[in-house]
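J.: Would you mind keeping the following structure in view while I ask a few things?
The values are calculated or read from the model by the stated rules, or taken from the named source; none is laboratory data. Just so it is clear, the model here is predicted, and its values are computed rather than measured. Glycine also receives a Cβ, built like all others from the backbone with ideal geometry; neighbour counts cover every protein chain displayed. Note: accessible area is taken over every heavy atom of the protein model, side chains too, but ligands, DNA and RNA are not part of it. Shrake-Rupley method; radii C 1.70, N 1.55, O 1.52, S 1.80 Å.
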Amino acid sequence: VLAASPGARPVLSGGRPITGWKEVTVQGKKLWAADIPEVRDGKWYFRELWVNGRRATRARHPNRGYLPIAELPDKAKEWTQGHSRFRFREGDLKAWNTITNAEVVAMTRWVESRLPVIGVDEKERIISFSKRSVFELAPGDLYYAEGACEFLDEPGEWYLDPATGTLCYLPRPGEMLAEIQAIAPVLPQVVRFEG
């Protein structure tokens with residue numbers, strides 16, 4: 001797809017414009033929302049969004065920096081085998097309503113693991129995932145969580161609800177609903193060279 005804004009040169013894009021935005025209030029926050037039937041129907045899902053030519057931030061906790069893993073309740077047989085849960089520090093995470101829409105991005109050794117959340121036990125301070133980390137995690141390894149509606153608390157952040165197909169965006173100062181240009185990726189790669 002070739003796309004361009006008025007007066008700009010065409011660019012090669014693997015994204016698709018998102019239209020039909022309206023103002024809504026969600027959890028007491030004034031947001032912009034667009035319905036995307038393909039997301040609701042399980043035919044499209046994305047982790048990136050560009051709004052008015054700038055990369056928007058997927059709703060994230062914490063907004064900046066990272067949280068350390070407190071401890072691991074399970075021992076991996078070998079360091080090349082990962083974990084499907086870890087214990088977090090008191091107060092770092094909660095069993096938010098949309099936490100199972102979130103992913104934890106855990107960093108260990110030279111890799112990061114994207115871990116889909118299946119549950120949070122606040123009493124035991126355990127977060128569990130539907131898959132294992134790439135390698136064994138260790139206390140002190142850093143992580144952050146993204147993709148829950150409760151994390152949507154800073155201008156320029158967005159949240160996608162896969163069940164309803166609703167995309168919510170918290171506008172940056174000066175952005176106007178009537179002028180929003182939002183693009184999300186539809187292709188896993190735009191150009192591929194093989195030799």
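J.: Starting at the first residue of region 176-183, write each ³J(HN,Hα) from the Karplus equation 6.51 cos²θ - 1.76 cosθ + 1.60 with θ = phi - 60°, in whole Hz, x for Gly and Pro.
T.: Working through the residues one at a time gives 10, 4, 5, 10, 5, 10, 10, 9 Hz.
J.: Round to a whole number: what % of the accessible area of the chain belongs to carbon and sulfur, probe 1.4 Å?
T.: On the chain, the fraction of accessible area on carbon and sulfur atoms equals 51 percent.
J.: A further question follows. Could you name the lysines whose alpha carbon sits less than 22 Å from that of K43, not counting residues in the same chain fewer than 8 places away?
T.: Counting by Cα, and skipping residues close in sequence, K43 has these lysines nearby: K131.
J.: Where only protein heavy atoms count, and the probe is 1.4 Å, what is the accessible area per residue for region 93-167 in Å²?
T.: For region 93-167, the per-residue accessible area is 42 Å².
J.: Another question about this same structure. E179: net charge of surrounding residues, Cβ under 15 Å, Lys/Arg +1, Asp/Glu -1, itself excluded?
T.: +1
J.: Which label marks the calculated value of Kirkwood radius over Cα pairs in Å, given the options (1) 18.3; (2) 17.7; (3) 16.0?
T.: Only one listed value fits the structure, namely (1).
J.: 5 Å is the cut-off here: which amide hydrogens, built 1.01 Å from N in the peptide plane, fall below it relative to I118, excluding neighbours closer than 5 in sequence?
T.: Those qualifying (amide H under 5 Å, at least 5 residues apart or on another chain) are S128, F129, S130.
J.: With the cut-off at 1.5 for a/c, could you classify region 123-195 from its C-alpha gyration tensor as rounded, prolate or oblate?
T.: Oblate shape, in that a/c is at least 1.5 and b/c is the bigger or equal ratio.
J.: Between Q27 and N52, what FRET efficiency comes out of the Förster formula 1/(1 + (r/R0)^6) with R0 = 22 Å and r the beta carbon distance, rounded to 0.05?
T.: That gives a FRET efficiency of 0.35.
J.: Arrange the peptides 106-116, 66-76 so that the one whose residues have, on average, the most other Cβ atoms within 10 Å appears first.
T.: The most tightly packed comes first, giving 106-116, 66-76.
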